[in-house]
Structures are given as structure tokens and as C-alpha cells.
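**Student:** Structure provided below as C-alpha cells; questions to follow.
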Amino acid sequence: MKTYGGFLISQIRQLSGRTFEKILKEKGIDAFNGPQGRILYVLWEQGELSITDIARLTSLANTTLTGMLDRMEAQGLVVRIPDQHNRRRILIQLTPKARRLQDAYDEVSEKNNAIFYAGFTQSEIQQFEAMLKRILQNYEEESQHE
């Protein structure tokens, strides 16, 4: 049986990213882009985190993440601070500027989610997200074997 799940997810990711960027532009938000929004989101949700934790929560590669964090630090969105319990570990912390952007991000995210789930019932959304979590878990388990 030929399947299309991975291909469809790739297409959805591309289109949803473009839509997210379009909504940011419509709202006049230029302080961050979509991928940076993912980093900000996990920091808003979790508080200060190590680069490794951010990479795990966003599925971004450490090398990609380091460059993005450099740009975000230059933009005044995040700061790197030494971990008081482990001097070799650096934590990423939001700045007050980034904290003020959370409401705008939430607005953009809600609009994007409304497009994403248009026509779905609450039950369908729950079932769909449960399946996506299973797929993500499959990939996370596979990546542990590398």
C-alpha cells in the first residue's frame, strides 16, 4: 500500500509556515519570524532552558539553533546566562522585550490554528493530535538509536 503521510506533512509544514509568516506581516510583527517563534514559544511555556532542551522541544538541530539564538540575542529577545548549578551549561532566558511579544504571538498562533483546524470537530482534533504524537514518538525513539 502506497502511503502519503510524510509527504502531506511536509506540504502542510511548508504552507503553514508561509501562512504564519503572512499573518505576522499582516499584524505588523517583525520582532521575530516563524522559526524564532517556536523557540520563544517553548521559553514562554517552560521558562529558561538549556540549548539541548530547546533543541529537543523544537526538534531543531543544535547547529541551527545556535545560529538562531545568536540572531535572537542580537535582536534583544534572549540572553545566555550561566547555569548556577553546572558551570559548563548555558541557559537561554527571555528578555522583557520577548515577554511583551507573547500576546502578539498567541494572536497569530490562534489565527493560524483556526485555519489549520477549519471544519474539524473537537473529537477529530483530539484524535488527529494523538496520532501525530505517536508518529513523533516513533521518530524520537528512532533518533535515540543513532
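**Student:** Which residue, Asn113, Asn33, Asn86, tops the fluctuation ranking in a GNM of the chain built on C-alpha contacts under 10 Å?
**Tutor:** Looking only at Asn113, Asn33, Asn86, the largest GNM fluctuation is found for Asn86.
**Student:** Then there is this: May I ask you to compute the full-extension gain from Glu110 to Leu8, defined as 0.36 nm times their residue separation minus their alpha-carbon distance, rounded to one decimal in nm?
**Tutor:** So the chain would gain 34.5 nm between Glu110 and Leu8.
**Student:** Right, here's the next one. Treating cross-link reach as a plain straight distance, find the aspartates and glutamates whose alpha-carbon is under 20 Å from the alpha-carbon of Lys25, omitting any fewer than eight places away in the same chain.
**Tutor:** Leaving aside aspartates and glutamates fewer than 8 places away in the same chain, those within reach of Lys25 are Asp103, Asp106, Glu107, Glu110.
**Student:** Expressed as an acute angle from 0 to 90° and rounded to the nearest 10, what is the orientation of the C-alpha long axis of helix 5-26 relative to the principal long axis of the chain?
**Tutor:** 60
**Student:** Then there is this: List the lysines whose Cα sits under 30 Å from the Cα of Lys27, skipping any in the same chain fewer than 8 residues away.
**Tutor:** List returned: Lys97, Lys111.
**Student:** If you fit an axis through the alpha-carbon atoms of helix 122-144 and take the longest principal axis of the Cα set of the chain, what angle between them do you get, 0 to 90°, nearest 10?
**Tutor:** Compared with the principal axis, the helix lies near 60 degrees.
**Student:** Also: So, R0 is 41 Å and r is the distance between the beta-carbons of Leu57 and Met1; what FRET efficiency does that work out to, to 0.05? If you can, show how the numbers build up before the last one.
**Tutor:** On the way: r = 33 Å, r/R0 = 0.81.
Efficiency computed from Cβ-Cβ geometry: 0.80.
**Student:** Hey, another quick one. Expressed as an acute angle from 0 to 90° and rounded to the nearest 10, what is the orientation of the C-alpha long axis of helix 34-46 relative to the principal long axis of the chain?
**Tutor:** Relative to the chain, helix 34-46 is tipped by roughly 70 degrees.
**Student:** Hey, what number do you get for the chain at 222 nm if only DSSP H runs of n ≥ 4 count, each worth -39500 (n - 2.57), divided across all residues, to the nearest 500?
**Tutor:** -22000 deg cm²/dmol
**Student:** Now, a different point. With labels modelled as points extended 7 Å from the Cα through the Cβ direction, what inter-label distance (nm, one decimal) is found for Ala118 paired with Leu15?
**Tutor:** It works out to 1.0 nm between the two label points.
**Student:** Using alpha carbon coordinates only, what is the Rg to Rh ratio of the chain, with Rh defined as the Kirkwood radius?
**Tutor:** 0.99
We did not get these values from a lab; they are worked out from the coordinates using the rules stated. From a predicted model like this one, the values you see are computed outputs, not experimental measurements. Neighbour counts run over all protein chains shown; Cβ positions are idealised from the backbone, glycine included.
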